[in-house]
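Heads up, the thing below is written out as C-alpha cells.
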Amino acid sequence: MIVSKLELYNFRQFKSNGDLPGLSISFHKGLNALIGENDSGKTAIIDALKIVLLTQSNEYVRPTDEDFYTDEDGNVVKEFCIKCTINDFTQNEAKNFVEYLCFEKNGDTIKYSMNLHYRAWKDKNRIYSELRVGNIDDNIILDGKAKELLRTVYLKPLRDAEREMSSGRNSRLAQILSGHSLFVNKEEHRLKEILSKANEDIEKYFTEEEGKEVLETIRNNLSAFNVSNTSSEAQLKVADIQLKKILESLSLRVSEVNPGLGELNLLFIAAELLLLNADSSGGLRLALIEELEAHLHPQAQLRLIDYLQKEYDNSGTQIIISTHSTILASKVNLKNIVLLKNGIGYDMTYGNTELEKGDYLFLQRFLDATKANLFFARGVLMVEGDAENLLLPVLAEVLDYPLEKYGVSIVNVGSTAFLRYSRIFVRKNGDKIDIPVSVVTDCDVKPYDIDPITKEKKFNEKVNESELVEKEKNKKYTSGSVCGFTSPRWTLEYCIALSCLQEKFHKAIRYGKKIKNSDKYALTEDKIEEVKKEITEDNDKWKGLSHSEKAFEMYRLMLNESDKSGLKAIVAQCLVALIKLDISILPEGFTEVDMFDLDLYQSNIDETKKKELSDNILTDPYLKYLVDAIKYSVNFEN
C-alpha cells in the first residue's frame with residue numbers, strides 16, 4: 001500500500017478556499033522527490049504526513065501554533081485539516097485494515113482504499129486533535145494496532161547519524177532491529193542463547209578463575225553494608241537476558257577509523273531501509289527523508305539516488321524525499337519529481353506533461369546539474385548557446401532586473417531542442433505552472449543569397465521573411481507559462497551588430513580573435529593597439545555600405561573562423577567586459593588591458609552612463625526580444 005494523495009486545509013501556508021484544499025498532491029510507488037524553491041512547502045508536506053501517520057522512532061509529533069494558517073494581517077484560523085488517501089493494498093495488508101477500507105470492484109478484481117481525516121482545532125489556547133477514517137461523516141476512529149502499522153520511517157534534516165546508531169535505552173538501532181522479522185520471537189531467540197553462554201563463561205571467570213578475588217571482595221563489602229539475612233550474592237554479567245536489552249546494547253559502526261559525517265549518514269540510511277525491505281507485518285512501508293543530500297558530497301548523492309530509484313522503483317516500498325540539491329535533481333528521473341509551486345504539487349510523470357516518452361529518455365541523459373536549477377527557480381531563461389548565457393545576465397543588470405534578485409535561472413540548452421525542456425512546464429490538462437519560462441532563440445533567416453555560379457554570398461536582408469519566421473517560432477514555443485522570444489533578424493550576434501551595441505561588438509570581435517589565437521587568455525597594450533588599427537581598417541573598408549550591410553560584414557568576421565563556436569563564446573565574454581567597463585567608475589590606472597579583472601575590484605556604477613545605456617537598449621528594435629524575455633522571466637508584463 002502507498003500514500004497516493006495528500007490534501008492540506010489551512011495547514012501552515014496552505015489556505016483552503018471553501019471546500020478546496022490549500023494544497024493537493026499525488027504520490028506514486030517507489031521514489032517521489034519533492035523539489036521547489038525555498039518556502040514552497042516541502043517541509044510542510046513531510047510534517048503533515050508525520051502528524052497523520054506518526055513515525056517508527058516514536059517521536060513526539062503533535063500540532064503546534066505554527067501549524068495553523070495565519071493571514072497577512074496576523075489572523076489565525078482556529079482549525080486545520082489533513083486528508084490522506086492510502087490505496088494499492090495487498091491482501092496481506094488489507095486484512096489489518098478491513099473495517100476501515102472502501103471497496104471498488106472491477107470485474108474479478110477488488111481495489112481497496114482508505115481515507116484518513118486528521119483535524120486539529122484550538123479552544124481556549126489549547127490544541128485538540130483527532131484522526132478519523134472512512135468517509136468524513138463516518139465518525140470512525142482508528143484503533144491502536146492500525147495506527148501502529150501506519151507509522152513511517154522518518155529521517156530529519158541535518159541528522160545526527162552517529163547518535164542514532166549508538167547503543168542506549170530505546171536507541172533507534174534497537175527500534176529498527178526489533179521491528180525486523182528475525183526478532184519477532186522475543187522469548188526464544190538465538191541471541192539470548194549466545195548471551196546466556198557468554199554469561200556462564202563470565203560467571204565462571206569470576207567464581208572459579210582469577211576474577212574470583214574481585215567478586216568475593218564485592219560480596220564481602222555488600223554483606224557488611226546490608227542487614228542480617230539479606231542476600232549478598234552479587235553477580236557479574238554481560239547484560240540482561242532480554243532481547244530488548246540485548247538490542248539496546250548494540251551499536252552500528254563502519255570499519256573505517258573516525259568515519260566522517262557522510263559515511264555515517266549513509267550507514268544510518270542503510271539501516272533505516274533495512275526495515276522497509278524486510279517488513280512482513282502488512283504495515284505501510286514508507287520512508288520520509290528530508291534533505292537527502294545532508295552531509296553527502298556530490299558523488300555520494302548520485303550513487304544514493306541511483307540506488308533508491310533502481311531498488312525501489314517497482315517495489316512495494318514508497319520513499320518521499322525533499323531536496324535543495326541540483327545534483328540530485330539532475331539525477332532523479334523526471335517521472336519521480338513532484339514540482340512544488342504556489343501551493344500546488346505538479347506530478348511530472350508521463351501523461352501529466354506535454355513531454356513525449358522519448359523526451360523523458362532524452363532528459364534522463366542530458367538534464368545535468370547546470371540545467372536542473374530550473375526546478376528551483378522563480379523564472380527561467382532558456383537559451384541555445386554560450387553567447388546568450390553570458391550576455392543576458394549583464395543586460396538584465398543594466399536594465400535593473402538582476403536575475404539573482406528575481407530568482408531567475410538561465411538554462412543553456414546548447415542546441416535548439418527547446419521543446420524537450422520547455423514542455424516540462426506545460427501541463428497536459430491545461431493548468432499553468434506559475435513559473436515564467438522565456439525561450440530565447442534565433443530566427444535563423446540568413447540575410448544573403450548564394451550565387452549559383454560563383455557561390456558568393458550576396459547580401460539580401462529578407463525583412464519580411466524574418467518577421468514571418470519570428471512570429472511562427474514565437475507561436476511554436478509559447479504554451480502555458482512558456483513564452484517564445486525570437487530574434488527579429490538572423491541570429492543574436494547579427495542583431496547585436498545591428499543594435500546600439502554595434503561599436504562594442506565590433507571591438508569585442510577583434511579582441512576575441514586576438515585572444516583565441518594567443519597562447520594566453522589575456523590582452524596586452526600591443527594587442528589593443530593592433531585592434532584599434534584593425535577597426536580603423538574595417539571601417540574604411542565598409543564605407544558606403546548600409547547599416548545592415550555593415551552589420552553583416554561585421555558578423556562575417558566571426559563566421560570566417562574555422563572554430564566559430566569557440567570564438568562566439570570569447571566574443572560574448574569580451575562584449576560583457578566592455579559593457580561593464582563602460583558603466584563603471586574605474587579604479588585609478590585601470591585600462592582595457594585589465595577589463596577581465598573588473599569584477600575583482602569593488603568598482604562603483606556610473607548611474608548616468610548606466611541610465612544612458614539602459615535607455616538605448618530599451619528603445620532598440622533589435623534588442624527588444626531580449627528585453628522582453630528578461631522582463632517576462634522576472635514576471636513583468638511585456
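Quick notes on this one:
- Volume of the convex hull of region 418-465 (Cα atoms only), normalised per residue: 139 Å³.
- Relative contact order %, the chain, counting alpha carbon pairs below 8 Å whose residues are six or more apart: 13
- Counting only Cβ charges, +1 for Lys and Arg and -1 for Asp and Glu, the dipole size of the chain around its Cα centre is about 1340 debye.
- Using the Cα coordinates of region 297-431, the gyration tensor eigenvalues translate into equivalent-ellipsoid semi-axes of 27, 17, 15 Å, sorted from longest to shortest.
- Close amide H pairs (under 5 Å, H built 1.01 Å from N) link Val411 with Leu381, Met382, Val383, residues at least 5 positions away or on another chain.
- Diffusion coefficient of the chain by Stokes-Einstein, Kirkwood radius over Cα pairs, 4 °C, 1.567 mPa s: 43 µm²/s.
- Rolling a 1.4 angstrom probe over the protein heavy atoms with all chains in place gives the chain an accessible area of 51 Å² per residue.
- Other-chain or far-sequence residues with amide H under 5 Å of Ile110's (modelled H): none
- Accessible surface of the chain [probe 1.4 Å, protein heavy atoms]: carbon and sulfur percent: 47
- Principal axis box of region 384-541, alpha-carbon based, largest edge first, Å: 60, 46, 28
- Max-minus-min Cα coordinates of region 65-111 on each principal axis give 55, 21, 14 Å, with the largest extent listed first.
- For region 574-590, putting each phi into the Karplus relation 6.51 cos²θ - 1.76 cosθ + 1.60 with θ = phi - 60° gives couplings of 5, 5, 4, 5, 5, 5, 4, 4, 5, 9, 9, 8, 7, x, 4, x, 7 Hz, in residue order, rounded to whole numbers and with x for Gly and Pro.
- Charge-dipole axis of region 264-378 as Lys and Arg at +1 and Asp and Glu at -1 on Cβ define it, positive-most pick from Ala294, Ala377, Leu266: Ala377
- Residue by residue, region 320-328 carries 3J(HN,Hα) couplings of 10, 10, 10, 8, 10, 8, 5, 4, 5 Hz when phi is fed to the Karplus relation 6.51 cos²θ - 1.76 cosθ + 1.60 (θ = phi - 60°); x denotes Gly or Pro.
- Each residue of region 174-217 gets 92 Å³ once the volume of the Cα convex hull is shared out per residue.
- Residue-level accessible surface for Leu578, protein heavy atoms, 1.4 Å, Å²: 10
- Base-10 log of normalised Debye intensity for region 513-560 (one unit scatterer per alpha-carbon) at q = 0.27 Å⁻¹: -1.03
- FRET efficiency estimate (nearest 0.05) - Cβ-Cβ, Ser281 to Phe225, R0 60 angstrom: 0.80
- For Ile337, the residues whose amide H sits under 5 Å from its own are Ala33, Met348, ignoring neighbours fewer than 5 places away on the same chain, with H placed 1.01 Å from N.
- In order along region 498-508, the phi-based Karplus estimate (6.51 cos²θ - 1.76 cosθ + 1.60, θ = phi - 60°) of 3J(HN,Hα) comes to 7, 8, 5, 8, 4, 4, 5, 5, 4, 5, 4 Hz; Gly and Pro are listed as x.
- Share antiparallel - DSSP beta bridges, the chain, percent rounded to 5: 65
- Accessible surface for Arg159 stands near 10 Å², nearest 10, in the context of the full protein assembly shown (1.4 Å probe).
- Using only alpha-carbon positions in region 79-237, the gyration tensor eigenvalues give semi-axes of 53, 23, 16 Å once each is multiplied by 5 and square-rooted (largest first).
- Spatial separation of Cα centroids for region 133-185 and region 345-390, in angstrom: 37
- Additional length obtainable on full extension of the chain from Ile605 to Tyr205, 0.36 nm per residue less Cα span: 135.7 nm
The values are calculated or read from the model by the stated rules, or taken from the named source; none is laboratory data. What you see is a predicted model, and the numbers here were worked out from it, not measured in a lab. Methodologically, a virtual Cβ is constructed for each residue, glycine included, from the backbone with ideal geometry; neighbour enumeration extends over all protein chains shown. Accessible surface areas use protein heavy atoms only, side chains included; no ligands, DNA or RNA. Shrake-Rupley method; radii C 1.70, N 1.55, O 1.52, S 1.80 Å.
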